Amino acid sequence: MPLLPLMHKRFAWYFEVPLLIAGYVAFGLARAAVDRGDPAATSNALQVQRLEQMLHIAIEQPLNQAILAHPAAIHLTGYFYRLSILAVPAVLIWLYIARRARYSHLRTVLVVMMLLDLLLVWLFPEAPPRFAQPGIVDYLATHDILFSAESRVPRPGVNLLAAMPSMHVAWTTWCAYALWTTLRDHAPRVARSAWVFPLLTAFVVLVTGHHYVVDILAGVALVAVSAAVMKRISSPDRQLPTGGPPETSPGRATPR
């Protein structure tokens with residue numbers, strides 16, 4: 001009998017890994033299922049473009065055009081965009097092995113984040129700049145970086161009109177949040193440097209024409225809201241009094 005808890009801890013990952021993989025596949029299929037398509041996605045994209053122009057933050061096209069003259073930058077940003085999401089399973093594995101006490105909470109933050117994303121994608125379908133903004137060059141597709149040419153072809157199980165929010169930014173922000181909350185007391189420099197990752201991701205999704213500035217802000221907000229929801233759920237509604245017995249009213253004996 002004493003061996004049972006040890007066996008459970010040792011083999012729990014056999015259940016955890018398939019569950020996470022199945023969840024990711026289900027997430028992709030659900031995202032495709034809530035695809036409302038055009039003209040709603042293009043109409044919302046035009047609204048976002050007008051909002052950014054009004055706020056003077058419409059920097060997607062200048063950044064995209066500036067990078068086209070630099071082949072090395074094209075491939076660096078292209079590979080970064082395609083491979084950056086691999087950081088999510090890497091961080092999950094690290095948490096499971098080295099920071100088991102934090103794993104469950106941070107994994108659930110990730111799940112809540114992806115569920116909220118499905119709601120936002122359904123409420124506000126949005127075509128990315130590479131589809132809806134004239135002058136944006138989808139150089140990942142034209143150079144076919146890591147099979148990116150397929151990213152322009154509609155196919156079952158893929159939602160091409162779900163740029164709001166940016167999940168690349170949300171996922172990498174979650175990675176930074178996980179490292180920061182886990183390491184800030186023991187390795188503060190490493191914890192702070194983790195935030196460079198989502199900043200680089202934000203730059204990459206802009207120059208590649210996959211997202212607007214507003215999408216980036218929404219991706220960061222998605223992580224913040226998910227973390228706040230989990231903090232609220234995991235916090236006790238009321239705390240037990242500490243220090244001694246409860247106070248009694250003057251002149252009233254404590255019941256025996």
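The values are calculated or read from the model by the stated rules, or taken from the named source; none is laboratory data. None of these values were measured; they are calculated from a predicted model. Here the Cβ positions follow ideal geometry from the backbone for every residue, glycine too, while neighbour counts run over all protein chains shown. Calculation scope for accessible area: heavy atoms of the full protein, side chains included, ligands and nucleic acids excluded. Shrake-Rupley method; radii C 1.70, N 1.55, O 1.52, S 1.80 Å.
What to note about this one:
- Residue check, Val214 of a type outside the set (Phe, Trp, Tyr), in contact with a Leu (Cβ under 8 Å, 6 or more places away or on another chain), surrounded by fewer than 22 Cβ atoms within 10 Å (Cβ to Cβ) and at pLDDT 95 or above: yes
- Residue satisfying condition, being open to solvent by 30 Å² or more (accessible area, probe 1.4 Å), touching a helix residue (DSSP H, G or I) at 6+ places or on another chain (Cβ under 6 Å) and among the aromatic types (Phe, Trp, Tyr), within set Phe80, Phe27, Phe131: Phe80
- In region 161-213, the residues that are touching a strand residue (DSSP E or B) at 6+ places or on another chain (Cβ under 6 Å) and within 15 Å of Tyr81 (Cα to Cα): Ala163
- Qualifying residue in region 88-111 (condition: assigned to a loop (DSSP other than H, G, I, E, B), modelled with pLDDT of 95 or more and open to solvent by less than 30 Å² (accessible area, probe 1.4 Å)): no
- Pairs, first closer than 18 Å to Phe131 by Cβ in region 46-72, second open to solvent by 80 Å² or more (accessible area, probe 1.4 Å), C-beta under 8 Å, six or more apart: Leu63/Phe203
Let's see how each residue does on (1) of a type in the set (Gly, Ala, Ser); (2) part of a helix (DSSP H, G or I):
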| site | (1), (2) |
| --- | --- |
| Leu29 | no, yes |
| Ala32 | yes, yes |
| Arg36 | no, no |
| Asn44 | no, yes |
| Gln53 | no, yes |
| Ala69 | yes, no |
| Tyr81 | no, yes |
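- Qualifying residue in region 50-66 (condition: of a type in the set (Lys, Arg), at pLDDT below 95 and on the phi < 0 side of the Ramachandran plot): no
- For region 217-229, the candidate set comprises residues that are in contact with a Pro (Cβ under 9 Å, 6 or more places away or on another chain) and not β-branched (Val, Ile, Thr); within that set, the residue that is surrounded by the most Cβ atoms within 10 Å (Cβ to Cβ) is Gly219.
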